[in-house]
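Undergrad: Questions regarding the structure given below will be posed in turn.
The values are calculated or read from the model by the stated rules, or taken from the named source; none is laboratory data. From a predicted model like this one, the values you see are computed outputs, not experimental measurements. Note: ideal-geometry Cβ built from the backbone for every residue, glycine included; neighbour counts use all protein chains shown.
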Amino acid sequence: MSENATPRKALLEVDDVTIRFGGLTALDSVSFDIKEGEILGLIGPNGAGKTTCFNVMTGVYQATSGHVRFDGTVLRKLKRHKITKLGMARTFQNIRLFKSMTVLDNVMVGADAHSKVSFFDALFRTPRHRRTEAEALARAKDLLKIVGITARHDELAANLSYGDQRRLEIARAMATGPKLLCLDEPAAGFNPAEKQRLMQLIRRVRDEGYTVLLIEHDMRLVMGVTDRIVVLEFGKKIAEGTPAEIRDNPAVIAAYLGVDEDDAS
Amino acid sequence: MMAGMGSISARWDRVVDRYNAQPKIVKILWVTLLLVIAYAMPLLRPPIITTNSIDFGTVMFRVIAFALVALGLNIVIGYAGLLDLGYVGFYAVGAYTTAVLTVEHGSWPFFLALPLAIVVTMISGVILGAPTLRVRGDYLAIVTLGFGEIIRISVNNIEWVGAAAGIKNIPHPTGIGAKPEPPFKQGGLFEIPRLEWNGLVPSFDTEHKSAFLAFGSRDAVPYYWLILTVLILVLIGDRLVKASRVGRAWEATREDEDAAELMGVPTFKYKLMAFALGASIGGLSGSFYASSQAGYINPQSFPLLLSMLFVAAVIVGGSGNRWGAIAGGALVAYLPERFRDFADYRLLVFGLALTVLAVWRPEGLLPPRQTRRAKAAEAEIDALEEGDLEETPNV
């Protein structure tokens, strides 16, 4: 989609969100937003609150104070499947596929997110069932092609290689027709070649018109693919800006980059 | 290692594959042939399979009734992954609703009482499921276990439903054609003689005929035909619903409830749907049980043991596969009757048979194809790894 023409609208706004678990403050007055059509990176050292932030956005946790607004709707007391229907989809840091379902069926479950087919539609094979089923199938096949695992569509999800399972997670999340696609450490456990392919895939996903939130450890991947980066440390936002700005930010280097990159190499 | 291990399901897979590869006309012929054999079974009375010390028609009715129950419970346990240990409760609700409507407090014809029995059971499923399905796993098992017992103990103590004496003279389904006139005329549109085997030589036994579409108290075969027809209809419905968004939602919920929810599946709604649907199929079979040949039910007809047998049927058959559930239900109903010759030891033999089966095929007789494929892949990998370890020193 042509995101260059008009100033971009904020798709998701995290507004002054605080979360406490007992005495522990996991997120402390964090605010940022994600604009339509961009790839935003959310980074920070281990335990910085990235996944907590992610979980509050997808409705797994409720914020202690502050709120998350998605596409104009405040996500408070909203059931998790309803948030998905609003147009937010996610993948999981530790892969959570439907293991004893086929690859195609995994994606079909995602594609069913907006389906209005009822039990009786299915039982009596109404035109609505047939139409929706055909659409979901076409969509699922398209997505498998985009992530590049078409050949394995009839395989059980559990039998896929690690990398393909990550790809399948992305396809399944995309199948729900999200406005915002949240990827939680999609490159965990990948080798450099796989990371390279993942970067291409993420760009391709963005080019398909999705907005992407990327939580990632791997600096090179984040720097290479994102438009903007938000840095968390100890539950606080310490920096926000373009990859170039973040790279030169002394606070970020102190908190994160120096340490982690030495670790990595 | 164990060569026989996968042979049943592998053979079954091959049968299914070969069937799928046939042209449509051949498929229709096969299905017709199977249907004819299924419907004719209690009249054919094949040697070895036939039970000697108890009427084979009655056994076959029981076999199909159990298969129907297992098919319903398979939706709950196999598809949606909810452990229901009080399924007999729904069976009882269906049976008692029918009995109350047709004889105890009304004189409805069976075929009018049947839909209401289904609805009442479904409502009882929703009432039981709505609070318990919100919590996970074990609680449901405990609550359903209690439900089965509560129903039995309640009807045992409520005079309005006959208390311990139960309800008798439950009317049979309305037939078509001539009315049965005991002791000789079976009635119906026409009468069909059954086969009598002398060793391996069959002959027509014209003294025991079965009525087509008339339901009396002397012959179980017409009831068998009726419930077999119901089983086939439910089987078709099961297949249609499973291969749809609904079936996928059930499976996804079973596999990973959180992930399913985050992929937009309203998991509570689908769990409740599976639970209520399973309940209503239990009620459906209960209703047929109440109005069957004997036309008599009492609280002892619905013991806890029956719930366990139903669960055993689904697990033994292969949780998640409709044909497995049917096979499991049939087996669990058939074996104790077949072993009746062992008199007091028949339950022991039955228990042994189940144990052997559990050890020999932990994932059931006919597990869903997907599970089998996963197992096969695992076995392949294991074999490769073992092969590596064993072969390296030799090279």
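Every residue, every condition in (1) farther than 24 Å from residue A:245 by Cβ; (2) of a type in the set (Lys, Arg); (3) not in a helix (DSSP H, G or I), yes or no:
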position: A:195; (1), (2), (3): no, yes, no
position: A:201; (1), (2), (3): yes, no, no
position: A:206; (1), (2), (3): no, yes, no
position: A:213; (1), (2), (3): no, no, yes
position: A:217; (1), (2), (3): no, no, yes
position: A:220; (1), (2), (3): no, yes, no
position: A:224; (1), (2), (3): no, no, no
position: A:232; (1), (2), (3): no, no, yes
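Undergrad: Checking residue A:159 against (1) within 11 Å of another protein chain (Cβ to nearest Cβ); (2) touching a residue at least 60 places away in the same chain (Cβ under 8 Å); (3) surrounded by fewer than 22 Cβ atoms within 10 Å (Cβ to Cβ): exactly one of these is not met. Which one?
TA: (2)
Undergrad: Name the residue, out of A:194, A:169, A:185, that is in contact (Cβ under 8 Å) with a residue 12 or more places away in the chain, within 10 Å of chain B (Cβ to nearest Cβ) and acidic (Asp, Glu).
TA: A:169
Undergrad: Could you say whether any residue in the stretch B:334-356 is within 14 Å of another protein chain (Cβ to nearest Cβ) and not β-branched (Val, Ile, Thr)?
TA: no
Undergrad: Return yes when residue A:60 is within 14 Å of chain B (Cβ to nearest Cβ), within 18 Å of residue A:178 (Cα to Cα) and surrounded by fewer than 23 Cβ atoms within 10 Å (Cβ to Cβ) and no when it is not.
TA: Against the criterion (within 14 Å of chain B (Cβ to nearest Cβ), within 18 Å of residue A:178 (Cα to Cα) and surrounded by fewer than 23 Cβ atoms within 10 Å (Cβ to Cβ)), residue A:60 qualifies.
Undergrad: Name every residue in the stretch A:162-206 that is among the hydroxyl-bearing types (Ser, Thr, Tyr) and surrounded by fewer than 23 Cβ atoms within 10 Å (Cβ to Cβ), in order of residue number.
TA: Residue satisfying the conditions is A:162 alone.
Undergrad: I'd like to check something: does the stretch B:166-179 contain any residue that is free of Cβ contacts under 8 Å to residues at least 24 places away in the same chain and β-branched (Val, Ile, Thr)?
TA: No: zero hits.
Undergrad: Of all residues in the stretch B:140-162, which are among the hydroxyl-bearing types (Ser, Thr, Tyr) and either touching a Leu at 6+ places or on another chain (Cβ under 7 Å) or exposed (fewer than 14 other Cβ atoms within 10 Å of the Cβ) (or both)?
TA: Scanning the stretch B:140-162 gives a single hit, B:144.
Undergrad: Kindly provide the set of residues from the stretch B:340-363 that are over 20 Å from the mean Cα position of the chain (by Cα) and hydrophobic (A, V, I, L, M, F, W, C), ordered by number.
TA: B:342, B:343, B:348, B:349, B:352, B:356, B:359, B:360
Undergrad: Quick one: would you say residue B:126 is of a type in the set (Val, Ile, Thr) and in contact with a strand residue (DSSP E or B) (Cβ under 8 Å, 6 or more places away or on another chain)?
TA: No.
Undergrad: Another question, if that's okay. Being among the small types (Gly, Ala, Ser) and either over 22 Å from residue B:236 (Cα atoms) or buried (at least 21 other Cβ atoms within 10 Å of the Cβ) (or both) is the filter; apply it to the stretch A:88-131 and report the residue that is farthest from the other protein chains (Cβ to nearest Cβ).
TA: Across the stretch A:88-131, the extreme among qualifying residues is A:111.
Undergrad: Criterion first (assigned to a helix (DSSP H, G or I), in the same structural domain as residue B:236 (by TED's automatic domain parsing) and surrounded by 22 or more Cβ atoms within 10 Å (Cβ to Cβ)) does residue B:97 satisfy it?
TA: Criteria met by residue B:97.
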